[in-house]
Structure formats: C-alpha cells, structure tokens
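Worksheet for the structure shown next.
The values are calculated or read from the model by the stated rules, or taken from the named source; none is laboratory data. Every value quoted in this text rests on a predicted model; they were computed, and no experiment measured them. Neighbour counts are summed over all protein chains in view; Cβ atoms, including those assigned to glycine, are modelled from backbone coordinates with ideal geometry. These accessible areas exclude ligands, DNA and RNA; they are computed on the full protein's heavy atoms, side chains included. Shrake-Rupley method; radii C 1.70, N 1.55, O 1.52, S 1.80 Å.
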Amino acid sequence: MTDHVSTHQAEDDLRNESILIYVNGQIVPKAQAMVSVYDSGFMLGDGVWEGIRLYNGRWAFVDEHIDRLFDAAKAIDLDIGLDKKAVLKALLDTQIANGMTGDAHARLMVTRGVKTRPFQHPKLSQRGPTMVIIMEHSRQKLPRPIRLATVPHLRGLPMTQDPKLNSHSKLNCILACIAAEKAGADEALMLDIHGFVNTTNACNFFIVRKGQVWTSTGDYCMNGITRQKVIDLCRAHEIPVYERNFSLVDTYSADEAFLTGTFGAQTPVGSIDGRVIGTGEMGPMTQRLRDLYKEMVGA
Ligand SMILES: Cc1ncc(COP(=O)(O)O)c(C=O)c1O
C-alpha cells in the first residue's frame, strides 16, 4: 500500500525552507542550526520535548506545555538552566524572529547537552543543556481518516521508561509505527500490558459508543494536553465521558474513533485492523468536539 498518511502530515510550505531556528540562545537560519554529534540527544535520545501550536497569535495552553516540560526535565534530572519565563521568552522571540502569527507548530527540545566522550553515563554530559526550538508554518493536511493497526509493541510500566515522558527516545513508538505501516495501516494502536486499548504511537486515542466518549484510564499513555481538553470539553457540555479500560472488542464496534494531539487536534480514525469504524468517515461526535476545541483555542 502506498497511500500512507500521518496524523502529523502538513501542507507543503516553501516558507519552511527559510525559517529561523533557536539554538542555545541564538536564532539562526535553518541551514546553520546545528548541534554537536556528541550531543546527548543525538547520541542517546537523552532529552525531553514539547510540541506547541500557534493559533491566531496565541500559543495554545502554553503554560501547561511549559509545566509538563519542566516536570519531565525534573523526572530525568535534567537542569534546563532557564526558568519557565525564560523558556516562554525563547519561544516568543523565535516566533517574532520568524514573523509568525498563526498556523505554526513549535518543537521545543532540551537535551542533557554535549558529552565529553561517546558513552552513556550522564556525568559525561558536561556542556549544556542543549535547547532547540524548531518552529514551522504548519497546517494539517489529512486527505482521509487515519487507518490504524494494532501492534505487538506495548505501552510499558512506569518503572521501565515511563510512557508519560515526552522523551527524545521514542524507539518503542517508532517500532510500533513501522509495524503498523508494514501491516498496511498509517499508524499504530498500542495496547497496555493487560491488553486494554491504550493509545497510538504519537497521539491519544478515544472511541465513541452510543453517545458516550471513552478513553483509556490514562495509565501507560502520555498525559496529553489535548486529551485532557477533550475530557474537559465533554464535561462542560454534558457529554458522558469515561476514562476506563476497554478492549479491541469495544473498539472495533465503536460508532466513532478519533485521536488527539497538539498538531492535529482531533483526527478521525477510519479503520482499525481492517475493520471500518462507524461509517469510516469523521463522525458527528468527533466533529462536535473538533468544533468545540477550535473555539477553545481560537482557531
Ligand atoms: C505518544 C504521544 N501521545 C500523545 C501525544 C499528544 O499529547 P498532546 O495532546 O499534549 O500534544 C503525544 C505528543 O507529544 C505523544 O508523543
């Protein structure tokens, strides 16, 4: 199958060839934005990141993203070296330098910095941290609902590599995505260690059954900001919403399924493991939540 799509597929935008990128306090042309081959992020995936989105001049839920970045950095014992206000300023400076006013997506990354030797021990990371902000002009381009395939790669326990961490190393998720593509789907639906449906390799996952909205308990998946906003919107609009365990049996027969994430907001799912979900097109609940979310972020 050749017509794969991705939840993070954006319209081509030539302006992205000439963007400016923030690297450790400097804002430089894309071609000059470099980090060392000794960088902990490059060498070991030792870093944390956030994806943040600009709608009509406002970075959506930016304080929550920065809080989550600092929480993750603390969890991996990485000193960002800036306070939250300074990180926000770096984001805004990069936005101003790029003259962006809307439909932009930032990937804000912090790694443990440059190592003195090419080995794992964190004490070898002596220069840093390394902070990079890539900010692109970005509009989701989704020609059709996403096809998912379940894969053998699980969402693990918190004492291995906590799946709540937005770590640079995403190998488990990448392997899941590769397996899904090889099965003819676009992205992977991942189960938790008990076999309950949990999340996808890059987004949180919801189903709609008889007017109710279901998502996983929140264990084993990213504490997605968009996921929480959808739950909040349901509660505010008296749409029954449940964070609960459910299996593939409930999922295949759902009326609708959709994904949530900062980039794509709410992305409809057309099929899972070859089973068409609902009509195979975006359903009315997904559309409603999408509209409510758009209103919330001022899109
Ligand atoms: C594995 C995974 N799940 C879900 C999400 C969505 O989270 P958010 O809604 O905060 O963008 C992300 C985004 O970073 C992710 O990497």
**Prompt:** Among the residues of segment 188-203, how many are farther than 13 Å from Ala176 by Cβ and either open to solvent by 10 Å² or more (accessible area, probe 1.4 Å) or of a type in the set (Ser, Thr, Tyr) (or both)?
**Reply:** 4
**Request:** Quickly run through segment 76-102 and pick out the residues that are open to solvent by 20 Å² or more (accessible area, probe 1.4 Å), within 16 Å of the ligand (Cβ to nearest atom) and either under 21 Å from Gly261 (Cβ atoms) or not hydrophobic (A, V, I, L, M, F, W, C) (or both).
**Result:** none
**Message:** Condition first: in contact with a strand residue (DSSP E or B) (Cβ under 8 Å, 6 or more places away or on another chain), open to solvent by 50 Å² or more (accessible area, probe 1.4 Å) and either at pLDDT 95 or above or not charged (D, E, K, R) (or both). Can you find one or more residues in segment 106-115 that meet it?
**Reply:** yes
**Asked** Pick from Arg227, Arg244, Arg275: which is surrounded by fewer than 19 Cβ atoms within 10 Å (Cβ to Cβ), more than 16 Å from Ile146 (Cα to Cα) and not hydroxyl-bearing (Ser, Thr, Tyr)?
**Response** Arg244
**Prompt:** What are the residues in segment 230-241 that are aliphatic (A, V, I, L, M) and either open to solvent by 20 Å² or more (accessible area, probe 1.4 Å) or touching an Asp or Glu at 6+ places or on another chain (Cβ under 6 Å) (or both), if any?
**Reply:** Ala236, Val241
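Which members of segment 281-299 meet the condition of being part of a loop (DSSP other than H, G, I, E, B), surrounded by 15 or more Cβ atoms within 10 Å (Cβ to Cβ) and modelled with pLDDT of 95 or more?
To start, the set of residues in segment 281-299 that are part of a loop (DSSP other than H, G, I, E, B) comprises 281-283, 298-299.
In the following step, the residues that additionally are surrounded by 15 or more Cβ atoms within 10 Å (Cβ to Cβ) were identified as 282-283, 299.
If the condition is that a residue be part of a loop (DSSP other than H, G, I, E, B), surrounded by 15 or more Cβ atoms within 10 Å (Cβ to Cβ) and modelled with pLDDT of 95 or more, then Met282, Gly283 are the ones that fit.
Of all residues in segment 119-170, which are of a type in the set (S, T, N, Q) and open to solvent by 50 Å² or more (accessible area, probe 1.4 Å)?
Our first condition is that a residue be of a type in the set (S, T, N, Q); within segment 119-170, this holds for 120, 125-126, 130, 138, 140, 150, 160-161, 166-167, 169.
Correct list: Gln120, Gln126, Thr160, Gln161.
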**Complete:** Filter segment 204-218 for residues that are open to solvent by 40 Å² or more (accessible area, probe 1.4 Å) and under 21 Å from Thr279 (Cα atoms); the one that is farthest from the chain's Cα centre (by Cα) is Lys210
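Return the only residue of Asp103, Asp192 being on the phi > 0 side of the Ramachandran plot and within 20 Å of the chain's Cα centre (by Cα).
One residue alone meets the criteria, Asp103.
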**Request:** Go over the candidates Ala149, Ala185, Ala180, Ala176 one by one and state the one that is away from the ligand (no atom under 12 Å from the Cβ), under 18 Å from the mean Cα position of the chain (by Cα) and among the small types (Gly, Ala, Ser).
**Result:** Ala180
